[in-house]
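Undergrad: Submitted below is the structure of interest, expressed as structure tokens.
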Amino acid sequence: ASSPDEEWPEAEKAEKLARGAALKWASGVFYRPEKLEGLGHYRRRETQRNNSIQSRLKSTVQSYLEGVSAGLEQLRSAAQEVQGVCQDLGAARWALLDSADHFQGLQQMRKLMEEHVQLASVVQVLPQIFSVHEVFSHILQLLHGQRLLEAHVELMMVEQLRDDILSQLHLRGLSGAQATVLSYFSGLQDLNESLAKQLWDIVGSSLRLVREDPVLFVTAVRIIEREEKIDDALLLEATFLPPGRPKGWRQKFYQVLQDTITGGRFHAPRLDAEGPGLAKHLAALQKDIVSELLVVKDLMVQCVPAHYNILSVCTATYHQALSSHLQEILREDLDKQGLFLLLEWALRVYHSPEMMAHPDLLPEVDVSALDPLMSSELVDQTERRYVMKVKASVFEWMQRTLEVEFKEWFREEEPETDHEGFFQSALPAIVMQMLNENIQVASLITDSLQQKIYNMALEELEAFLGRLREALVQCGKEHQQDRAVPKYYISHLLAVLNNNLALSNSVSSLHPDTACREVPGSLQAALDRMQKKATQLLLEELLLDLQPLCLQLPSRKWLSGSQLVGSMCEVIDKYAKDFSRVRKPVFTLLLAESELLVANQYLRALLQRKMVCKSREERGQLCHRLLQDASQLRELFCGLGLDRGQQSLEAVFALRELICLKDPALLSLEVLGFITKYPDVSDEHISTLLDIRGDVSKEVRHVVLEMMAQHPQALPEGYRPIFSTILVPVPELPFCLRKGKCA
């Protein structure tokens, strides 16, 4: 046997720890000699403590042993009782084995009893079985008299009889007998079909019956609920399902009701889907749906059980049927009016108090939980179709407006004027009214449609300005062939400029967002091109009247003091009076462009038909003439309202300074200042000016041209070119013989 230390290693470890602790304490306590005097006292105290511990241990062990003794006594008593029970069970087992033969006799008696009960039940139902065909006839009479509840009660009794017989045969596995029973009860199928037909006819007329004769409709619902309970009970048992079950008449009730709602109204023959036809059709739908939902809410709900949710079912049915019907209508080639009516009806009218939000329908009827009547994709597609139709209409109207506009040009009278005397026509008002009306109409539907129409309007306006510009170009070509036609060509061009300005000022008002009034860049560019073309045609007219006068300078006659510039001033003043019939921003532009044209033509005449001064006196005379002409022209334009800082005639004064310079050696400095002020001047222009002076040597010319080469000039931003459009004649090269030197 193992020692206690081997069985309890924890005890040995604990003892070692206790001894170590005791030794440590004792060595600490008795380390000093004076502490040894208390050794006897310590020994007595420890002895008392050990005695106390031992007594407590003995008491504990004694109580434990007493508990163990009591437990052993109880186990002995329980074992004796278990032995007695086992003896009793053995005796009962032998008794059951002796009674087995008696039990077999009882089993046979039980079978005989069950057969007797079945035979008694069959005997009991024999009168009913024999009277089945008579009951069939009676049920048929009741159905013909619309006594549906009575007919259904008898029909259920016959069905119950048949089902009981079939159930017993099913349990016994007599399939052949089942076929015989089904043949005997075959009339039940016809009666069921006859009853169902009457029920579905009643359900199909339910909206009328609940107003005129709700009893018949309630009867049909009661019969349907009876059949539904029988179906539920049979499905719950799941042992035997008779033929024709489950009937599912409640589901058929919903189907017939939904077919009744959708059949006569949403599957009508093809209607006139444009204009008044579609409007009448939608108005009729609106009226009928609201009135029928009111009947369902106020009357039909009271005739059916609450779990039918009949109002929600009817609402969803109308909603889905309408959604499909609108998609069918959209497959037609609708005009813009039809598309607008459909969008307005689906997105506005349908949800308005005039229809599904009718005060008498709320709050029971709520279509917000249903899918949208038109999906977002369908709405977007329909809006795009509408925009395309409107675009075609806008194009047609604008083209017609353009044709009428240019017909007015060839009338023998000036264009109309506004209250301030400025030329104008009805074109801007017609165009802007047409575009604005379409945008405002679109705002009645959705913001997205309004934005689409707005974008389309800007595109069409831009295209219209392009066509107007092309028409102006064509009219200008015809006018050049015969300047007498049209008679008031200039006046109509001025009206075009005023119209263009009116369009430019009105475009921002088209934007749906009042906070965003910025004109798109492409449209502004089209407006600028239109203004530029009309301005160009006006300047061409001015040029045609100035050219005969410009051809006369420079000449000796002009140099000696003719009234040539005076005649030019008269022409300019005449045109300026015409230009005053255009509004201020454009009038200032026309003055500036006219002044630039006059300065350009004057310089062109000097440089292209150059006159060489033969003496100092001629140079002085030329300088005097240039000063007088430039001053006269400058004063004219100043009087017309064009500031000196905006005039290009200053180039004539600067050119005069080059010619008037007495010391040719200073020309390089003077030319440097000239090209700095007018950077588009070329070597050919300066060379021609030096030729006009008539006193510039080859060395000075070379110095001047070399200086220009060393100081190339770049055009500053915003600079208006003056000399770059003036071409000077190429100097003739000296003729040289072969092997000879040029002169």
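The values are calculated or read from the model by the stated rules, or taken from the named source; none is laboratory data. Everything quoted here is computed from the prediction, not taken from an experiment. For neighbour counting, all protein chains shown are included, and Cβ atoms are generated from backbone atoms with ideal geometry for every residue, glycine included. With ligands, DNA and RNA removed, areas are computed over all heavy atoms of the protein, side chains included. Shrake-Rupley method; radii C 1.70, N 1.55, O 1.52, S 1.80 Å.
Undergrad: Tabulate in residue order the Karplus-calculated ³J(HN,Hα) for the stretch 577-588, using 6.51 cos²θ - 1.76 cosθ + 1.60 with θ = phi - 60°, rounded to whole Hz; enter x for Gly and Pro.
TA: These are the phi-based 3J(HN,Hα) values: 5, 5, 5, 5, 8, 10, 5, 3, x, 6, 4, 4 Hz.
Undergrad: Turning to a different aspect of this structure: Could you give the Stokes-Einstein D for the stretch 382-474 in µm² per second, using the C-alpha Kirkwood radius, 20 °C, 1.002 mPa s?
TA: Translational diffusion coefficient: 147 µm²/s.
Undergrad: I would also like to ask the following. With a 1.4 Å probe and all protein chains left in place, how much accessible area per residue does the stretch 582-710 have, in Å²?
TA: Averaged over the residues of the stretch 582-710, the accessible area is 44 Å².
Undergrad: Between Ala463 and Leu727, what FRET efficiency comes out of the Förster formula 1/(1 + (r/R0)^6) with R0 = 30 Å and r the beta carbon distance, rounded to 0.05?
TA: Numbers: r = 37 Å, r/R0 = 1.24.
Efficiency, from the Cβ-Cβ distance: 0.20.
Undergrad: Want the number for Glu699 to Leu543: 0.36 nm per residue separation, take away the alpha-carbon distance, what's left?
TA: The span from Glu699 to Leu543 would gain 52.2 nm if fully extended.
Undergrad: Relative to the present Cα-Cα distance, how much length would full extension add between Arg76 and Asp366 at 0.36 nm per residue of separation? Before the final figure, lay out the partial values.
TA: Numbers: separation 290, 0.36 × 290 = 104.40 nm, distance 8.13 nm.
Value of the extension gain: 96.3 nm.
Undergrad: Where a Cα-Cα gap under 28 Å defines reach, which lysines qualify for Lys487, not counting those fewer than 8 residues away within the same chain?
TA: Lys407, Lys477, Lys532, Lys533, Lys574, Lys577, Lys584
Undergrad: A follow-up question, please. Take the alpha carbon atoms of the stretch 379-394, find their center, do the same for the stretch 681-709, and report the distance between the two centers in whole angstrom.
TA: If you average the Cα positions of each part, the centres end up 67 Å apart.
Undergrad: Still on this structure: Quick check: the angle from helix 667-677's long axis to the longest principal axis of the chain, C-alpha only, nearest 10 degrees?
TA: Its long axis makes an angle of about 30 degrees.
Undergrad: A further question on this structure: Could you sort 509-518, 607-616, 525-534 so that the peptide with the highest average Cβ count within 10 Å comes first and the rest follow in order?
TA: 525-534, 607-616, 509-518
Undergrad: Multiply the residue gap between Asn309 and Arg147 by 0.36 nm, knock off their C-alpha separation, and tell me the result in nm, one decimal place.
TA: 55.6 nm
Undergrad: Please label the shape of the stretch 305-417 as rounded, prolate or oblate, based on the square roots a ≥ b ≥ c of the eigenvalues of the alpha-carbon gyration tensor (a/c under 1.5 means rounded; beyond that, a/b larger than b/c means prolate, else oblate). Walk me through the intermediate numbers first.
TA: Values: a/c = 5.33, a/b = 3.04, b/c = 1.75.
Cα axes put the stretch 305-417 in the prolate bin.
Undergrad: Whole Å is fine, so just give me how far the alpha carbon centre of the stretch 298-338 lies from that of the stretch 633-662.
TA: Distance between centres, Cα-based: 82 Å.
Undergrad: Which of rounded, prolate, oblate describes the stretch 381-536, given a ≥ b ≥ c as roots of the alpha-carbon gyration tensor eigenvalues and a/c under 1.5 marking rounded, otherwise prolate only if a/b is larger than b/c?
TA: Note, shape of the stretch 381-536 comes out prolate.
Undergrad: Please determine, in degrees from 0 to 90 and to the nearest 10, the orientation of helix 616-640 with respect to the longest principal axis defined by the Cα atoms of the chain, where the helix direction is its Cα long axis.
TA: Relative to the chain, helix 616-640 is tipped by roughly 40 degrees.
Undergrad: What does the helix-only formula give at 222 nm for the chain: each DSSP H stretch with n ≥ 4 adding -39500 (n - 2.57), the total divided by the residues, and the result rounded to the nearest 500 deg cm²/dmol? Please report the intermediate quantities before stating the final value.
TA: On the way: 26 runs with 535 residues, N = 743.
The helix-only estimate for the chain comes to -25000 deg cm²/dmol at 222 nm.
Undergrad: Would you please classify the overall shape of the chain from the alpha carbon gyration tensor, given that a ≥ b ≥ c denote the square roots of the eigenvalues, rounded means a/c under 1.5, and beyond that prolate means a/b larger than b/c while oblate covers the rest?
TA: In terms of gyration-tensor shape, oblate.
Undergrad: Next question. Determine, for each peptide in 478-484, 627-633, the mean count of other beta carbons within 10 angstrom over its residues, then list the peptides with the highest first.
TA: 627-633, 478-484
Undergrad: Can you tell me the orientation of helix 175-184 relative to the chain, as the angle in degrees between its alpha-carbon axis and the longest Cα principal axis, to the nearest 10?
TA: 70
Undergrad: Determine the distance separating the Cα centre of the stretch 406-440 from the Cα centre of the stretch 83-100; give it in Å without decimals.
TA: Going from one Cα centre to the other spans 125 Å.
Undergrad: Considering only protein heavy atoms and a probe of 1.4 Å, how much of the accessible area of the chain is carbon and sulfur, as a whole percent?
TA: On the way: 23920 of 43230 Å².
So the carbon and sulfur contribution to the accessible surface is 55 percent.
Undergrad: Could you tally the net charge around Met374, taking each other residue with its Cβ under 14 Å from the Cβ of Met374, Lys/Arg +1 and Asp/Glu -1?
TA: The answer is -2.
Undergrad: Could you compute the net charge surrounding Leu311? Neighbours are other residues with a C-beta less than 14 Å from the C-beta of Leu311; K and R count +1, D and E count -1.
TA: -4
Undergrad: Here's another thing I want to ask about it. Answer with one residue from Leu339, Gln160, Ser69: the one whose Cα lies farthest towards the positive end of the charge dipole of the chain, charges on Cβ with Lys, Arg +1 and Asp, Glu -1.
TA: Positive-end residue among those listed: Leu339.
Undergrad: Can you sort Ile430, Ile675 by solvent-accessible area, 1.4 Å probe, largest first?
TA: Details: Ile430 70, Ile675 5 Å².
Most to least solvent-accessible, the answer reads Ile430, Ile675.
Undergrad: Right, something else. Sum up the charges of everything whose Cβ sits under 14 Å from the Cβ of Arg644, counting Lys and Arg as +1 and Asp and Glu as -1, but leave Arg644 out.
TA: -3
Undergrad: Return the sequence-ordered ³J(HN,Hα) values of the stretch 690-697 in whole Hz as given by the Karplus equation 6.51 cos²θ - 1.76 cosθ + 1.60 applied to θ = phi - 60°, using x for Gly and Pro.
TA: 5, 5, 4, 4, x, 10, 9, 6
Undergrad: Might you work out the accessible area of Arg411 for me, using a 1.4 Å probe with all protein chains in place, and round it to the nearest 10 Å²?
TA: 100
Undergrad: What are the aspartates and glutamates whose alpha-carbon lies under 19 Å from the alpha-carbon of Lys252, with same-chain residues fewer than 8 places away excluded?
TA: Asp190, Glu193, Asp201, Glu225, Glu227, Glu228, Asp231, Asp232
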